[in-house]
Amino acid sequence: MLKNFFNRILQYYYATNKKEVLFQSKLRQEIESIKKNEFKRDKKNLIPYGFKVYSQSDEDGIINEIFKRIGTTNKRFLEFGVNSTNNNTTFLLLNGWTGVWLEASNSKVIRTKKKYEVLLKKNKLRIYKKKITAENINKVIKSINFKGVIDLLSIDIDGNEVYLLNKLSQIKPRVIIVEYNAKFPPPIRKCIKYDPKFIWKYDDYFGTSLQLLEDNLKNFGYVLAGCNILGVNAFFIKKKLVQNKFSKNTTAKFHYQKFRSGLNNIRSSHLSSDKWLNE
């Protein structure tokens, strides 16, 4: 009852506070302006198709558009580093996919298991507490009975992403989503020093520049198909799947998006409910 009361107060505030309404209107205008400009720049650009359901910003829409273009095989995903509130694969779960989440934080795993209890009981989702390193990545994936082709791999561990990808051999993702550090625009090649115990300190020392990710994943047969509007995630696709379905220009220089943290303040017209996850 108390939670419902506060939710109604928040909803009323967002709907009636003039400053908040104006702020949200300006954010939406900015987003639409960026989308229009990106569409003009390349009609096969992914950014105009972005939208948020359960992702951090517009990743849900971009993922949806990618698989519209290339189709699916087994609708299986694997995601490293999961936030129980926002992630890249909850929307897929509600669209017939199955998969596994790996998370190093015990408290996050406990919260997430509670929130996704119904999907776990239906065997649509499995969640494991695992700390992934370059040394154990393939052993861990093998232990959860994943191998061969999967449709999607999403990595958001705020640190050693490129080192994990360089060692990955147990699975063959058709699409990879990986966080990049937008502090370093192309052609800068930078990544943190490898440390299996690395923990992000909420500063700008994390991850890998987009250029270095492009260079490394090209060696494994992937091309850069785009980045999201927030300047956080990059989308790589197996080269043989791209054909003429995506932008001809697959360089980091072309697809790089600067970090736009302010756009993450956009709000839905209603407060989020977990009930959709438990039907």
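A compact table of results
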read-out: Condition broken by Phe236, with the remaining ones in (1) surrounded by 16 or more Cβ atoms within 10 Å (Cβ to Cβ); (2) modelled with pLDDT under 95 satisfied; value: (2)
read-out: Meets criteria (part of a helix (DSSP H, G or I), modelled with pLDDT under 95, surrounded by fewer than 16 Cβ atoms within 10 Å (Cβ to Cβ) and in contact with a Phe, Trp or Tyr (Cβ under 7 Å, 6 or more places away or on another chain)) for Glu30; value: no
read-out: Output for the range 150-171, where each listed residue is touching a residue at least 60 places away in the same chain (Cβ under 8 Å) and among the acidic types (Asp, Glu); value: Asp151, Asp156, Asp158
read-out: Any hit, the range 87-94, residues being without any contact (Cβ under 8 Å) to a residue 24 or more places away in the chain, surrounded by 15 or more Cβ atoms within 10 Å (Cβ to Cβ), not small (Gly, Ala, Ser) and not in a strand (DSSP E or B); value: no
read-out: Subset of the range 97-113 [surrounded by fewer than 19 Cβ atoms within 10 Å (Cβ to Cβ), charged (D, E, K, R) and closer than 16 Å to Lys131 by Cβ]; value: Lys108
read-out: Scope the range 243-275; condition part of a helix (DSSP H, G or I) and among the charged types (D, E, K, R); matching residues; value: Lys253, Asp274, Lys275
read-out: Residue list for the range 52-78, restricted to those being free of Cβ contacts under 8 Å to residues at least 40 places away in the same chain, in a helix (DSSP H, G or I) and farther than 11 Å from Thr90 by Cα; value: Gly61, Asn64, Glu65, Lys68
read-out: Condition broken by Lys113, with the remaining ones in (1) under 21 Å from Asn228 (Cβ atoms); (2) in a helix (DSSP H, G or I) satisfied; value: (1)
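Yes/no matrix, rows are residues, columns are (1) touching a Cys at 6+ places or on another chain (Cβ under 6 Å); (2) of a type outside the set (A, V, I, L, M); (3) farther than 30 Å from Val149 by Cβ; (4) in a helix (DSSP H, G or I):
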| position | (1), (2), (3), (4) |
| --- | --- |
| Lys183 | no, yes, yes, no |
| Arg189 | no, yes, no, no |
| Lys201 | no, yes, yes, no |
| Leu217 | no, no, no, yes |
| Phe220 | no, yes, no, no |
| Leu241 | no, no, no, yes |
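The values are calculated or read from the model by the stated rules, or taken from the named source; none is laboratory data. Given the structure is predicted, the values throughout are model-derived calculations rather than measurements. FYI the Cβ positions are ideal-geometry reconstructions off the backbone, even for glycines, and counts take in every protein chain you see.
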